[in-house]
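Before any comments, here is the structure.
Nothing in this text is a laboratory measurement; each read-out follows from the coordinates by a stated rule. Since the model is a prediction, treat every value here as computed from it, not as a measurement. Cβ placement follows ideal geometry from the backbone for every residue including glycine, while neighbour counts extend to all protein chains displayed.
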Amino acid sequence: MSDSLERLYLAVIAAKDLDPAVSRTARLFRRGPAKMAKKLAEEAIEVVIDAVSGDAEAVVSESADLLYNLTVLWASAGVRPADVWREMERRVHLLGIAEKMPKSPVKLAKVPPPREARRPIVALETRGLRKRH
């Protein structure tokens, strides 16, 4: 898949300076990052709607549009597909799978200690205990 995105990225780069009257890519570049982002968001919403309605064929078609618009936005931002793959690999090494990074380090799953190393839980009866002054 990364080869396909790389080819798409190179095609986007090649088309960005074409005549906007004949090139959708050139038109998006002429309109700027805000328009690119809007188109990307629209395609993402269409993918979601089609997925929720169970229309797999439409999900495939809209996903292709989504990847195209994502690639255009990457090119505009100076991001290459290889940059994204490096980040995915970094996450694999951190989390064991290519998963979205948690927002804070607190959310990282901690491996519990072995059962024999755990201390027993002791419940304390607090009724009848008085606070010392």
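Okay, here's what the table says:
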{"quantity": "Phi to ³J(HN,Hα) by Karplus 6.51 cos²θ - 1.76 cosθ + 1.60 over the range 92-97, Hz, x for Gly, Pro", "calculated": "4, 5, 7, 10, x, 9"}
{"quantity": "In nm, spacing of pseudo-spin labels at residue 18 and residue 95 (7 Å Cα→C-beta vector)", "calculated": "3.6"}
{"quantity": "Karplus-derived HN-Hα couplings along the range 4-18 (A = 6.51, B = -1.76, C = 1.60, θ = phi - 60°), whole Hz, x at Gly and Pro", "calculated": "5, 5, 5, 5, 4, 4, 5, 5, 4, 4, 5, 8, 4, 9, 6"}
{"quantity": "Distance in nm between pseudo-label sites at residue 31 and residue 44 (7 Å out along the Cβ direction from Cα)", "calculated": "1.7"}
{"quantity": "Inter-probe distance in nm under a simple model that places probes 7 Å from Cα toward Cβ, at residue 52 and residue 4", "calculated": "2.6"}
